[in-house]
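Data block below; observations after.
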């Protein structure tokens with residue numbers, strides 16, 4: 001490369017997506033949008049850049065360090081959003097008066113965090129959130145659970161589970177253990193159970209949360225309760241016994257499970273999991289995480305819960321709600337690891353070889369006719385050798401290839417190759433659209 | 001608002017999109033993606049942030065001033081992209097070896113420019129580009145023209161035109177007028193014709209481009225040639241007479257028009273317009289702009305053309321290509337002005353009132369059954385008064401509302417209200433999904 005050229009490169013922690021990765025990512029986002037919309041969540045958008053004071057809010061030094069923050073040409077202190085929740089809180093505070101409640105929104109967009117880069121973690125990644133605000137009804141929690149369930153089904157997963165818990169149940173149990181005042185630190189420690197194991201969690205509960213060894217053991221025993229949902233509910237009853245909060249949490253979990261069952265969801269797909277605390281978050285009721293049975297280690301691919309007040313930083317109006325965030329890029333990584341990506345770069349299923357240089361307009365017209373019938377067709381732009389064209393089609397992952405040479409034009413027919421099955425048939429041009437539609441299912 | 005609250009606000013020149021605007025914008029983007037994919041353009045993504053040296057390239061002081069540029073926490077000089085073309089050039093230089101040519105990509109994403117804000121202009125806006133690179137074949141120009149045509153049809157426009165010209169024709173004519181050396185300044189002046197009128201264009205041609213009055217008059221006479229495509233081609237022939245470049249441009253225009261006609265496009269939809277120069281751009285062959293007949297003043301909503309080399313700043317490999325950029329936000333503004341937006345905030349067409357507090361799970365189950373049959377349903381989360389719920393549904397723009405009270409649950413039926421037609425029918429719950437599908441078309 002000559003020294004007068006600028007080296008083409010991306011920033012550390014950032015990446016390009018070529019079609020092989022972008023097509024499945026678009027598929028994930030499209031599936032999410034489809035499911036969100038089928039439940040009545042409407043799309044919104046907010047700017048990538050916000051006043052820094054909006055984003056920092058009560059945030060601490062950690063957030064500050066990761067923020068892409070600068071002074072714009074107008075002298076404003078601005079920063080790129082690091083999630084979609086805070087912009088939504090600001091949006092809700094600003095617009096809820098005209099929007100009214102309940103308000104159900106989804107939002108898909110990139111967020112930026114200057115984190116230390118790790119395998120599979122990027123400084124720019126796509127989030128895909130949905131929330132129902134302005135209602136405390138448990139029906140919204142039930143439907144949020146169904147949204148997550150339906151989404152993973154829509155994505156083609158069979159072996160996954162939405163794991164449910166309720167912060168009120170946890171608080172109730174802690175109340176019974178005389179740990180109500182230390183609840184935050186206890187839950188923060190409990191949240192690390194999957195990552196660091198019971199011994200270290202016990203140690204943290206003792207050192208940081210001021211638990212006795214016996215109290216820590218009881219909390220861990222709670223998280224270790226297993227069985228089907230009914231068994232867990234039964235086991236919980238005595239543990240929350242005299243706590244009003246605990247009883248309410250139990251009633252909420254019961255209501256969500258009843259609703260989910262009424263909607264026809266198989267029991268294994270939505271399960272109680274008392275180890276889920278989401279300790280670092282501001283949730284106050286239902287909490288959920290979602291795990292792939294075949295790749296638990298990748299962590300929760302869709303997490304969220306119920307909160308008492310979304311936008312208290314910006315408005316006095318209390319905005320309770322429930323929602324969750326789909327980790328699009330984590331899910332994409334999981335699907336790649338599970339071999340669920342087809343690796344196709346072609347967005348049109350059919351390839352039309354350009355074979356007879358004299359017939360440019362005929363090829364253009366044939367492609368247009370097929371598209372008008374609903375068949376996506378990529379026409380190769382140059383009359384190159386057929387072998388090179390078919391190699392291109394193979395590499396890109398087209399499913400069918402149409403070959404029309406001078407003789408076929410005269411005879412009104414073509415060769416239709418199935419590039420996956422490696423078969424070939426002669427098809428009349430008049431029948432081509434319907435044959436393609438049939439072959440493509 | 002208490003003084004402890006942070007004022008919820010967006011930055012000057014930035015905006016939130018509520019569902020009423022976001023739903024149609026998503027519709028535009030979805031239509032564009034659908035058409036692009038039907039021609040075999042595949043999606044890519046690139047980071048919002050790039051090294052500043054990548055973006056500045058040979059750019060001048062104007063671009064520099066508008067750039068959101070800063071030093072990141074790692075000390076890198078970075079900036080937000082101001083278009084999708086330069087990132088694509090960088091992307092192509094970096095990846096074309098493994099991607100191969102021809103390469104057809106589309107890219108939808110926000111870009112940022114710190115421009116002075118004007119009515120309808122924002123500092124963050126969405127672009128939606130498609131390009132075919134790695135081929136000089138005129139078939140790619142023809143198909144690009146068809147992409148634009150099909151896109152505006154898909155968006156529901158009937159009265160629009162894609163305006164075609166060819167820079168080689170303009171250059172050929174200038175060559176015949178002995179203005180070849182001043183071509184750039186002449187075309188830059190010509191490009192302002194629609195904005196500033198013929199007198200000021202003449203003045204600029206004389207003062208800046210060094211034309212004689214007579215030469216300027218001849219250039220303006222060229223731009224004033226009207227008639228159908230065949231008449232314009234005929235009129236052009238003597239004007240480019242002895243210029244090789246002009247003849248080639250004429251042959252290219254003829255080929256594109258033939259292809260477009262063969263594809264069945266009505267003549268008025270794709271028209272020659274010799275006043276289109278796109279003077280400030282780097283185009284070298286076909287150029288196109290797209291105008292709405294009913295709102296010409298808003299300017300071109302989709303513009304582009306053919307270029308000789310996309311990525312010369314970053315690589316020695318010549319990457320000729322052709323493409324265009326859809327102005328999503330300009331089009332959205334146009335559709336709003338033309339009354340083409342429905343103003344619906346509801347993303348699910350059907351509203352299910354929550355009427356009988358004892359039956360929460362039954363409502364959840366009914367909504368789930370309808371969704372499983374392909375009917376988008378929003379369930380109101382609380383058993384509020386029916387009037388309030390229907391007001392909500394009306395305001396949000398749901399098309400149908402389902403009302404099931406205690407008696408209806410027992411009888412296995414419901415009231416189905418058509419909220420647009422203001423009619424109501426009793427429908428058996430067993431038939432509800434099929435009736436909804438039929439009503440929604």
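The values are calculated or read from the model by the stated rules, or taken from the named source; none is laboratory data. It should be emphasised that the depicted structure is a prediction, and the values quoted were computed from it without experimental measurement. Note that we place each Cβ from the backbone using ideal geometry, even for glycine, and neighbour counts take in every protein chain shown.
Considering only residues in the stretch B:355-368 that are more than 8 Å from chain A (Cβ to nearest Cβ) and crowded, with 16+ Cβ neighbours inside 10 Å, the one that is nearest to residue A:252 (Cα to Cα) turns out to be B:359.
Does residue A:1 satisfy the criteria of being under 30 Å from residue A:395 (Cβ atoms), modelled with pLDDT of 95 or more, out of contact with any helix residue (DSSP H, G or I) (no Cβ under 8 Å at 6 or more places or on another chain) and within 7 Å of chain B (Cβ to nearest Cβ)?
Numbers: under 30 Å from residue A:395 (Cβ atoms): yes; modelled with pLDDT of 95 or more: no; out of contact with any helix residue (DSSP H, G or I) (no Cβ under 8 Å at 6 or more places or on another chain): yes; within 7 Å of chain B (Cβ to nearest Cβ): yes.
Here the answer is no, as residue A:1 does not meet what is asked.
With respect to residue A:357, is the statement that it is in contact (Cβ under 8 Å) with a residue 40 or more places away in the chain and farther than 30 Å from residue A:84 by Cα true? For residue A:357, the condition - in contact (Cβ under 8 Å) with a residue 40 or more places away in the chain and farther than 30 Å from residue A:84 by Cα - is not met.
Out of curiosity, is residue B:406 surrounded by fewer than 21 Cβ atoms within 10 Å (Cβ to Cβ) and at the interface with chain A (Cβ under 10 Å from one of its Cβ atoms)?
The answer is no for residue B:406.
So, residue A:89, is that one under 22 Å from the mean Cα position of the chain (by Cα), at the interface with another protein chain (Cβ under 10 Å from one of its Cβ atoms), surrounded by 21 or more Cβ atoms within 10 Å (Cβ to Cβ) and closer than 17 Å to residue B:13 by Cβ or not? It would help to see each step written out before you state the result.
On the way: under 22 Å from the mean Cα position of the chain (by Cα): yes; at the interface with another protein chain (Cβ under 10 Å from one of its Cβ atoms): yes; surrounded by 21 or more Cβ atoms within 10 Å (Cβ to Cβ): yes; closer than 17 Å to residue B:13 by Cβ: no.
Considered against the rule, which asks whether it is under 22 Å from the mean Cα position of the chain (by Cα), at the interface with another protein chain (Cβ under 10 Å from one of its Cβ atoms), surrounded by 21 or more Cβ atoms within 10 Å (Cβ to Cβ) and closer than 17 Å to residue B:13 by Cβ, residue A:89 comes out as no.
For the stretch B:18-27, a residue qualifies if it is surrounded by fewer than 21 Cβ atoms within 10 Å (Cβ to Cβ) and touching a strand residue (DSSP E or B) at 6+ places or on another chain (Cβ under 8 Å), and the qualifying residues are B:25, B:26.
Residue check: is residue B:416 out of contact with any helix residue (DSSP H, G or I) (no Cβ under 6 Å at 6 or more places or on another chain), in a strand (DSSP E or B) and buried (at least 20 other Cβ atoms within 10 Å of the Cβ)? Spelling it out, residue B:416 is indeed out of contact with any helix residue (DSSP H, G or I) (no Cβ under 6 Å at 6 or more places or on another chain), in a strand (DSSP E or B) and buried (at least 20 other Cβ atoms within 10 Å of the Cβ).
So if I check each of A:126, A:108, A:147, A:153, which one is within 16 Å of the chain's Cα centre (by Cα) and without any contact (Cβ under 8 Å) to a residue 60 or more places away in the chain?
On the way: A:126 fails: without any contact (Cβ under 8 Å) to a residue 60 or more places away in the chain; A:108 fails: without any contact (Cβ under 8 Å) to a residue 60 or more places away in the chain; A:147 fails: without any contact (Cβ under 8 Å) to a residue 60 or more places away in the chain.
From the options A:126, A:108, A:147, A:153, the qualifying one is A:153.
Here is the figure for the stretch A:264-274: residues that are part of a loop (DSSP other than H, G, I, E, B) and over 22 Å from the mean Cα position of the chain (by Cα) total 2.
Filtered by the rule that a residue be more than 8 Å from every other protein chain (Cβ to nearest Cβ) and in a strand (DSSP E or B), the stretch B:98-115 gives B:103, B:106, B:107, B:108, B:109, B:111. In summary, strands (runs of 3 or more DSSP E) completely within the stretch B:1-97 and bearing 3 or more residues that are touching a residue at least 24 places away in the same chain (Cβ under 8 Å) and at negative phi occur at B:49-51, B:77-80.
Residue-by-condition table, conditions (1) more than 10 Å from chain A (Cβ to nearest Cβ); (2) on the phi < 0 side of the Ramachandran plot; (3) assigned to a loop (DSSP other than H, G, I, E, B):
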site	(1), (2), (3)
B:117	yes, yes, yes
B:128	yes, yes, no
B:141	no, yes, no
B:146	no, yes, no
B:152	yes, yes, no
B:161	yes, yes, no
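One residue stands out among those in the stretch A:335-354 that are more than 11 Å from chain B (Cβ to nearest Cβ) and surrounded by fewer than 21 Cβ atoms within 10 Å (Cβ to Cβ): the one that is farthest from residue A:441 (Cα to Cα), which is A:337.
Reported count of residues in the stretch A:270-287, each being closer than 25 Å to residue A:186 by Cβ and at pLDDT 95 or above, is 5. Checking the structure you have, find out if any residue of the stretch A:161-171 is within 30 Å of residue A:24 (Cβ to Cβ), at pLDDT 95 or above, touching a strand residue (DSSP E or B) at 6+ places or on another chain (Cβ under 9 Å) and surrounded by 23 or more Cβ atoms within 10 Å (Cβ to Cβ). Yes; the residues of the stretch A:161-171 include at least one that is within 30 Å of residue A:24 (Cβ to Cβ), at pLDDT 95 or above, touching a strand residue (DSSP E or B) at 6+ places or on another chain (Cβ under 9 Å) and surrounded by 23 or more Cβ atoms within 10 Å (Cβ to Cβ).
In the stretch B:393-422, which residues are closer than 19 Å to residue B:342 by Cβ, without any contact (Cβ under 8 Å) to a residue 24 or more places away in the chain and touching a strand residue (DSSP E or B) at 6+ places or on another chain (Cβ under 8 Å)? Break it down stepwise before answering.
Initially, the stretch B:393-422 is screened for residues closer than 19 Å to residue B:342 by Cβ, giving B:393-401, B:417-422.
Going one step further and asking which of them are without any contact (Cβ under 8 Å) to a residue 24 or more places away in the chain, we end up with B:418, B:420-422.
Result: B:418, single match.
If the condition is being surrounded by fewer than 18 Cβ atoms within 10 Å (Cβ to Cβ), within 10 Å of another protein chain (Cβ to nearest Cβ) and within 17 Å of residue B:36 (Cα to Cα), then the stretch A:370-395 contributes A:372, A:374.
Here's the yes/no breakdown for (1) more than 28 Å from residue A:38 (Cα to Cα); (2) surrounded by 15 or more Cβ atoms within 10 Å (Cβ to Cβ):
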position: A:64; (1), (2): yes, no
position: A:96; (1), (2): no, yes
position: A:116; (1), (2): yes, no
position: A:122; (1), (2): yes, yes
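The number of residues in the stretch A:70-79 being surrounded by 12 or more Cβ atoms within 10 Å (Cβ to Cβ) and more than 8 Å from chain B (Cβ to nearest Cβ) comes to 2.
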